Amino acid sequence: MSIVSAHAKGKKFLISMLVVALTGACSNASNAPSSTEPEPAAEKPPSVTEQNQTIEQDPISWDTLDVSSFFMQESNGTFILRDVKTQQTYVFNEERAKTRQPPQSTFKIANALIGLQTGAVENENAVKRWDGRKWSRSSWNHDHTLESAMRDSVLWYYQAMARDIGKKQMQEWLGKIDYGNKDISGGIDRFWNNSTLRITPMEEVDFLGKLVDETLPFDKDVMQTVKRIILLEESGDTKLYGKTGGSIKPPFGWFVGFVVKKDRTYIYATNMDGTGSTANQQAKETTLRILKSIELLE
């Protein structure tokens, strides 16, 4: 190779290297982020006030709740209150809360669910004809619908529906919903009234909790219908649902149900000794006083 040709080749090589260097520099410059583009702002942590606003305040002071003053003595009755959302539960007189007793007319809630599910009645407007028998309660002495019979606690309507349901289906459904001791041997149209069927107040609360959540093994529209017909009163953002039950011999009363206040639901159950034929109303009045005292009702 001559000196001239080697020099020429060296010159070409230097030019090539210069071109590559310049090309790389331009490429890197085009890929670099623009100095005029703003950098993303760091997320600002929520303030203490904002954090507190997201926390729901439970209106019940569970640690200090005490309803003993509403009962003559502890053995006189029991009261249970449960927050459906948190499952926080208050129990006054735990022994009685776990003692099974006849459900009396509170069984109308389960009876209505089973009647609707099995087709024994079509809907809340299903009419049953009064047979002309005179009852001591004048409100019973005419035709009734499922809804009006629930409101007036009409025994003969729910007895007729229980007979239409029949022993086989009644026993099957009490097993499915695990209702108390599930014993209907006392007779298809009377097993819940001072007879063989027994349930504890705590079991009543569990049963109602599943009705509220609509997790019982019934159709959704069936559960919604029954909830609708046990609505007792509505005021502002508060709704009271419930059913009484009572016995004369021995005299005791029930009042069970739930309160919906804003976005929270509380289940309650009261079972207490009473006097005469108004033990069911005594249980209801005691419950309402308790619920008002803790501001779940006005």
Averaged per residue, the 1.4 Å probe accessible area of the range 169-217, protein heavy atoms only, in Å², is roughly 39 Å²
Descending packing, highest mean Cβ count within 10 Å first, for 71-77, 234-240 is 71-77, 234-240
Net charge near Phe70 (other residues with Cβ under 12 Å of its Cβ; Lys, Arg +1; Asp, Glu -1) is -1
Surpassing 18 Å at the alpha-carbon level, of the pairs Lys108/Lys249; Lys220/Lys284; Lys262/Lys292, are Lys108/Lys249; Lys220/Lys284
Full extension between Asn181 and Asn141 adds, at 0.36 nm per residue less the Cα distance, a length in nm of 11.1 nm
Checking rank on 278-288, 128-138, with mean other Cβ inside 10 Å and highest first, the result is 278-288, 128-138
Computed for the range 214-267: size of charge dipole around the Cα centre, +1 on C-beta of each Lys and Arg, -1 on C-beta of each Asp and Glu, debye to nearest 20, value 200 debye
Normalised per residue, the volume inside the convex hull of the alpha-carbon atoms of the range 180-290 in Å³ amounts to 120 Å³
Distance in Å, no decimals, from the C-alpha centre of the range 148-197 to the one of the range 66-122 is 17 Å
For Lys85, the aspartates and glutamates lying under 17 Å Cα to Cα, once residues fewer than eight places off in the same chain are dropped, come out as Glu56, Asp58, Asp206, Asp213, Glu214, Asp263
Rounded to whole Å, √(5λ) for the Cα gyration tensor eigenvalues of the range 66-221, largest first, gives 28, 19, 15
On the accessible surface of the range 225-290, probed at 1.4 Å with all protein chains in place, carbon and sulfur together account for a percent value of 50 percent
As straight-line cross-link partners of Lys243, the qualifying aspartates and glutamates (C-alpha separation under 13 Å, not fewer than 8 residues apart within one chain) are Glu147, Asp152, Glu204, Glu233, Glu285
Dividing the mean separation of Cα pairs under 8 Å (6+ apart) by the residue count of the range 171-272 yields a relative contact order in percent of 19 percent
Computed over the range 70-155, protein heavy atoms only, probe 1.4 angstrom, the accessible area per residue in square angstrom equals 48 Å²
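The values are calculated or read from the model by the stated rules, or taken from the named source; none is laboratory data. As the structure is a prediction and not an experimental result, all values here were calculated from the model. For neighbour counting, all protein chains shown are included, and Cβ atoms are generated from backbone atoms with ideal geometry for every residue, glycine included. Heavy atoms of the whole protein, side chains included, go into the accessibility calculation; ligands, DNA and RNA do not. Shrake-Rupley method; radii C 1.70, N 1.55, O 1.52, S 1.80 Å.
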